[in-house]
Amino acid sequence: MEIHDIANERHLTKLFIRAVKTCNLYSVKNIFSGDTISRKKYGDIFTKYFGQYAPIIVAKPDVVLIVEDHKKLIDEWLIIAIELKYFKQVDRKRWREAYREIGQALRYYVYGFDSAILCHIFMKEIDDCVVKAYSDVIGEVIEKLKLPIVYFSMKISNVENLNKFLVFKPVEISNPSDICYIVKWLINCCRDGVRNPLLPHDKEIIDRRKILKTIFQVP
(Lines give C-alpha, C1' and ligand atoms only; values in the text may rest on other atoms or scores of the structure.)
Protein backbone atom coordinates (compact mmCIF):
# COMPACT_ATOMS: atom_id res chain seq x y z
CA MET A 1 0.00 0.00 0.00
CA GLU A 2 1.36 3.41 -0.93
CA ILE A 3 1.36 6.38 1.41
CA HIS A 4 -1.02 8.18 -0.97
CA ASP A 5 -3.68 5.71 0.21
CA ILE A 6 -3.63 6.87 3.85
CA ALA A 7 -7.23 7.74 4.59
CA ASN A 8 -6.98 9.51 7.96
CA GLU A 9 -5.08 9.69 11.25
CA ARG A 10 -6.50 6.38 12.48
CA HIS A 11 -5.12 4.68 9.38
CA LEU A 12 -1.80 6.49 9.81
CA THR A 13 -1.63 5.29 13.42
CA LYS A 14 -1.92 1.65 12.31
CA LEU A 15 0.86 2.11 9.75
CA PHE A 16 3.03 3.95 12.26
CA ILE A 17 2.67 1.21 14.88
CA ARG A 18 3.40 -1.46 12.29
CA ALA A 19 6.55 0.40 11.17
CA VAL A 20 7.82 0.80 14.75
CA LYS A 21 7.27 -2.89 15.48
CA THR A 22 9.53 -3.83 12.56
CA CYS A 23 12.39 -1.97 14.27
CA ASN A 24 12.55 -4.51 17.12
CA LEU A 25 14.08 -1.89 19.42
CA TYR A 26 15.25 -3.45 22.67
CA SER A 27 14.18 -0.48 24.79
CA VAL A 28 10.61 -0.57 23.43
CA LYS A 29 8.86 -3.19 25.51
CA ASN A 30 5.46 -2.64 23.90
CA ILE A 31 3.49 -0.33 21.65
CA PHE A 32 -0.28 0.16 21.64
CA SER A 33 -3.00 2.08 19.93
CA GLY A 34 -4.73 4.50 22.27
CA ASP A 35 -7.96 2.61 21.57
CA THR A 36 -6.70 0.13 24.17
CA ILE A 37 -7.88 2.63 26.79
CA SER A 38 -11.63 2.41 27.27
CA ARG A 39 -13.37 4.84 29.60
CA LYS A 40 -15.34 2.01 31.21
CA LYS A 41 -12.24 -0.03 32.02
CA TYR A 42 -10.38 3.03 33.26
CA GLY A 43 -13.36 4.09 35.37
CA ASP A 44 -13.99 0.63 36.83
CA ILE A 45 -10.38 0.32 38.02
CA PHE A 46 -10.39 3.85 39.39
CA THR A 47 -13.55 3.24 41.42
CA LYS A 48 -12.68 -0.26 42.62
CA TYR A 49 -9.13 0.39 43.78
CA PHE A 50 -9.06 4.09 44.60
CA GLY A 51 -12.67 4.81 45.58
CA GLN A 52 -12.91 7.74 43.19
CA TYR A 53 -14.75 8.53 40.00
CA ALA A 54 -12.78 8.72 36.79
CA PRO A 55 -12.78 11.91 34.71
CA ILE A 56 -15.83 12.25 32.47
CA ILE A 57 -13.64 12.30 29.38
CA VAL A 58 -10.66 9.96 29.17
CA ALA A 59 -8.10 11.28 26.69
CA LYS A 60 -6.71 8.66 24.33
CA PRO A 61 -3.37 9.23 22.64
CA ASP A 62 -2.96 7.81 19.16
CA VAL A 63 0.04 5.71 20.19
CA VAL A 64 1.36 4.54 23.56
CA LEU A 65 4.98 3.45 23.96
CA ILE A 66 6.20 1.45 26.95
CA VAL A 67 9.97 1.83 27.25
CA GLU A 68 12.66 1.29 29.84
CA ASP A 69 13.48 4.23 32.07
CA HIS A 70 17.14 3.94 33.03
CA LYS A 71 16.84 6.94 35.37
CA LYS A 72 13.99 5.26 37.29
CA LEU A 73 12.44 8.54 38.37
CA ILE A 74 9.28 6.64 39.38
CA ASP A 75 9.97 3.03 38.45
CA GLU A 76 11.63 1.09 35.63
CA TRP A 77 9.22 2.26 32.94
CA LEU A 78 8.24 5.25 30.87
CA ILE A 79 4.66 5.37 29.61
CA ILE A 80 4.79 7.70 26.62
CA ALA A 81 1.75 9.22 24.89
CA ILE A 82 2.07 10.17 21.22
CA GLU A 83 -0.39 12.52 19.53
CA LEU A 84 -0.17 12.04 15.74
CA LYS A 85 -1.38 14.73 13.36
CA TYR A 86 -1.59 13.94 9.65
CA PHE A 87 -1.42 16.70 7.04
CA LYS A 88 -2.60 16.11 3.50
CA GLN A 89 -2.48 19.87 3.05
CA VAL A 90 -1.93 22.99 5.13
CA ASP A 91 -4.83 25.37 4.66
CA ARG A 92 -6.36 28.21 6.67
CA LYS A 93 -8.25 25.82 8.91
CA ARG A 94 -5.04 24.04 9.86
CA TRP A 95 -3.33 27.32 10.72
CA ARG A 96 -6.25 28.32 12.96
CA GLU A 97 -6.09 24.99 14.80
CA ALA A 98 -2.33 25.03 15.25
CA TYR A 99 -2.23 26.04 18.93
CA ARG A 100 -5.08 23.71 19.87
CA GLU A 101 -2.89 20.75 19.00
CA ILE A 102 -0.43 21.73 21.74
CA GLY A 103 -3.18 21.45 24.34
CA GLN A 104 -4.14 18.01 23.09
CA ALA A 105 -0.67 16.71 23.90
CA LEU A 106 -0.53 18.39 27.32
CA ARG A 107 -3.78 16.81 28.51
CA TYR A 108 -2.16 13.36 28.71
CA TYR A 109 -0.26 14.42 31.81
CA VAL A 110 -3.51 14.67 33.75
CA TYR A 111 -4.10 10.95 33.08
CA GLY A 112 -0.72 9.83 34.38
CA PHE A 113 1.46 9.48 31.29
CA ASP A 114 5.16 10.08 31.94
CA SER A 115 5.90 11.96 28.71
CA ALA A 116 3.90 13.48 25.87
CA ILE A 117 4.94 13.73 22.22
CA LEU A 118 3.26 15.82 19.54
CA CYS A 119 4.17 14.42 16.14
CA HIS A 120 3.19 16.15 12.89
CA ILE A 121 3.47 14.07 9.72
CA PHE A 122 3.13 15.84 6.38
CA MET A 123 2.48 14.37 2.96
CA LYS A 124 5.41 14.25 0.55
CA GLU A 125 3.70 16.68 -1.83
CA ILE A 126 3.55 19.57 0.66
CA ASP A 127 6.24 22.14 -0.03
CA ASP A 128 9.16 22.17 2.42
CA CYS A 129 8.71 25.91 3.03
CA VAL A 130 5.13 25.36 4.17
CA VAL A 131 6.13 22.49 6.47
CA LYS A 132 8.93 24.57 7.97
CA ALA A 133 6.70 27.63 8.50
CA TYR A 134 3.96 25.60 10.24
CA SER A 135 6.51 23.69 12.33
CA ASP A 136 8.21 26.91 13.41
CA VAL A 137 4.89 28.31 14.69
CA ILE A 138 4.33 25.27 16.91
CA GLY A 139 7.96 24.93 17.91
CA GLU A 140 8.27 28.55 19.00
CA VAL A 141 5.35 28.30 21.41
CA ILE A 142 6.67 25.07 22.97
CA GLU A 143 10.25 26.31 23.21
CA LYS A 144 9.61 29.85 24.48
CA LEU A 145 7.02 28.75 27.05
CA LYS A 146 9.17 25.75 27.97
CA LEU A 147 6.20 23.42 27.68
CA PRO A 148 6.88 19.79 28.66
CA ILE A 149 6.18 18.43 25.17
CA VAL A 150 8.47 16.63 22.75
CA TYR A 151 7.65 18.08 19.33
CA PHE A 152 8.56 16.28 16.13
CA SER A 153 7.63 17.54 12.68
CA MET A 154 8.46 15.45 9.63
CA LYS A 155 7.51 14.82 6.06
CA ILE A 156 7.03 11.43 4.43
CA SER A 157 9.81 10.85 1.92
CA ASN A 158 9.13 7.25 0.89
CA VAL A 159 5.77 6.97 -0.87
CA GLU A 160 5.81 3.17 -0.81
CA ASN A 161 6.42 2.61 2.88
CA LEU A 162 6.19 4.52 6.15
CA ASN A 163 9.87 4.20 7.01
CA LYS A 164 11.68 7.33 5.77
CA PHE A 165 11.03 10.93 6.81
CA LEU A 166 12.50 14.37 6.38
CA VAL A 167 12.72 15.81 9.90
CA PHE A 168 12.04 19.54 10.48
CA LYS A 169 11.71 19.60 14.27
CA PRO A 170 13.33 19.37 16.84
CA VAL A 171 16.10 20.20 14.34
CA GLU A 172 16.00 20.24 10.57
CA ILE A 173 17.88 17.39 8.86
CA SER A 174 18.57 17.61 5.14
CA ASN A 175 18.61 13.85 4.47
CA PRO A 176 15.73 11.41 5.13
CA SER A 177 15.87 9.64 8.50
CA ASP A 178 14.86 6.06 9.19
CA ILE A 179 11.78 5.48 11.38
CA CYS A 180 13.84 3.37 13.81
CA TYR A 181 16.33 6.20 14.26
CA ILE A 182 13.48 8.66 14.80
CA VAL A 183 11.79 6.47 17.45
CA LYS A 184 15.07 6.17 19.37
CA TRP A 185 15.40 9.95 19.13
CA LEU A 186 11.86 10.42 20.47
CA ILE A 187 12.55 8.12 23.40
CA ASN A 188 15.83 9.84 24.28
CA CYS A 189 14.09 13.23 24.33
CA CYS A 190 11.66 11.86 26.91
CA ARG A 191 14.35 10.18 28.98
CA ASP A 192 16.53 13.27 28.99
CA GLY A 193 14.01 15.48 30.68
CA VAL A 194 10.65 16.00 28.95
CA ARG A 195 8.54 14.53 31.74
CA ASN A 196 5.18 14.96 33.39
CA PRO A 197 5.63 17.95 35.76
CA LEU A 198 2.93 16.52 38.07
CA LEU A 199 4.95 13.38 38.79
CA PRO A 200 5.95 12.04 41.24
CA HIS A 201 4.48 14.65 43.62
CA ASP A 202 0.75 14.57 42.80
CA LYS A 203 -0.88 11.56 44.49
CA GLU A 204 -3.97 11.60 42.25
CA ILE A 205 -1.82 11.55 39.10
CA ILE A 206 0.28 8.73 40.59
CA ASP A 207 -2.95 6.76 41.11
CA ARG A 208 -3.99 7.39 37.50
CA ARG A 209 -0.58 6.23 36.33
CA LYS A 210 -1.12 2.97 38.24
CA ILE A 211 -4.33 2.49 36.27
CA LEU A 212 -2.45 2.95 33.00
CA LYS A 213 0.09 0.34 34.11
CA THR A 214 -2.76 -2.08 34.81
CA ILE A 215 -4.43 -1.44 31.45
CA PHE A 216 -1.15 -1.89 29.54
CA GLN A 217 -0.03 -4.80 31.73
CA VAL A 218 3.16 -3.08 32.86
CA PRO A 219 4.75 -4.77 35.91
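Look at Asp91 and say whether it is within 19 Å of Glu172 (Cβ to Cβ), exposed (fewer than 15 other Cβ atoms within 10 Å of the Cβ) and either under 16 Å from the mean Cα position of the chain (by Cα) or of a type in the set (D, E, K, R) (or both). Full working, then the answer.
Working: within 19 Å of Glu172 (Cβ to Cβ): no; exposed (fewer than 15 other Cβ atoms within 10 Å of the Cβ): yes; either under 16 Å from the mean Cα position of the chain (by Cα) or of a type in the set (D, E, K, R) (or both): yes.
No: the conditions fail for Asp91.
In region 158-207, what residues are assigned to a helix (DSSP H, G or I), over 18 Å from Asp128 (Cβ atoms), of a type in the set (A, V, I, L, M, F, W, C) and out of contact with any Leu (no Cβ under 9 Å at 6 or more places or on another chain)? Listed by number, the residues that qualify are Trp185, Cys189.
Remark: Pro197 matches the filter, which requires a residue to be loosely packed, with under 14 Cβ neighbours inside 10 Å and modelled with pLDDT of 95 or more.
Using the structure shown, decide if Asp207 is under 19 Å from the mean Cα position of the chain (by Cα), modelled with pLDDT under 95 and of a type in the set (Asp, Glu). It is false that Asp207 is under 19 Å from the mean Cα position of the chain (by Cα), modelled with pLDDT under 95 and of a type in the set (Asp, Glu). Within region 3-35, the set of residues being crowded, with 16+ Cβ neighbours inside 10 Å and either among the β-branched types (Val, Ile, Thr) or touching a His at 6+ places or on another chain (Cβ under 7 Å) (or both) comprises Ile3, Ile6, Thr13, Ile17, Val20, Val28, Ile31.
If only residues of region 110-169 that are of a type in the set (Lys, Arg) and either modelled with pLDDT under 95 or within 28 Å of Ile66 (Cβ to Cβ) (or both) are counted, the one that is farthest from the chain's Cα centre (by Cα) is Lys124. Among the helices (runs of 4 or more DSSP H) confined to region 1-120, the ones with at least 3 residues that are over 24 Å from Asn158 (Cα atoms) and among the aliphatic types (A, V, I, L, M) are located at 98-106. Here region 134-152 is the region considered, the condition is being touching a strand residue (DSSP E or B) at 6+ places or on another chain (Cβ under 9 Å) and in a loop (DSSP other than H, G, I, E, B), and the residue that is surrounded by the fewest Cβ atoms within 10 Å (Cβ to Cβ) is Pro148.
Selection of first residues in region 36-48 that are crowded, with 18+ Cβ neighbours inside 10 Å and of second residues that are small (Gly, Ala, Ser), restricted to Cβ pairs under 7 Å at least 6 apart or on distinct chains, gives the following pairs, ordered by first then second residue: Tyr42/Ala54; Phe46/Ala54. For Lys155, the conditions (1) without any contact (Cβ under 8 Å) to a residue 40 or more places away in the chain; (2) part of a loop (DSSP other than H, G, I, E, B); (3) within 24 Å of His11 (Cα to Cα) all hold with the exception of (2). Residue pairs whose Cβ atoms lie under 6 Å apart, separated by 6 or more positions or on different chains, with the first residue in region 67-82 and over 12 Å from Leu212 (Cα atoms) and the second part of a strand (DSSP E or B) and aromatic (Phe, Trp, Tyr), are Asp69/Trp77. Scan region 71-84 and tell me whether some residue there is exposed (fewer than 13 other Cβ atoms within 10 Å of the Cβ) and under 17 Å from Leu118 (Cβ atoms). There is no residue in region 71-84 that is exposed (fewer than 13 other Cβ atoms within 10 Å of the Cβ) and under 17 Å from Leu118 (Cβ atoms).
Against the list (1) outside any helix (DSSP H, G or I); (2) over 26 Å from Asn24 (Cβ atoms), the condition Val131 fails is (1).
The values are calculated or read from the model by the stated rules, or taken from the named source; none is laboratory data. Just so it is clear, the structure is predicted and the values come from calculations on it, not from any experiment. Positions of Cβ are backbone-derived with ideal geometry, glycine not excepted, and every protein chain shown enters the neighbour counts.
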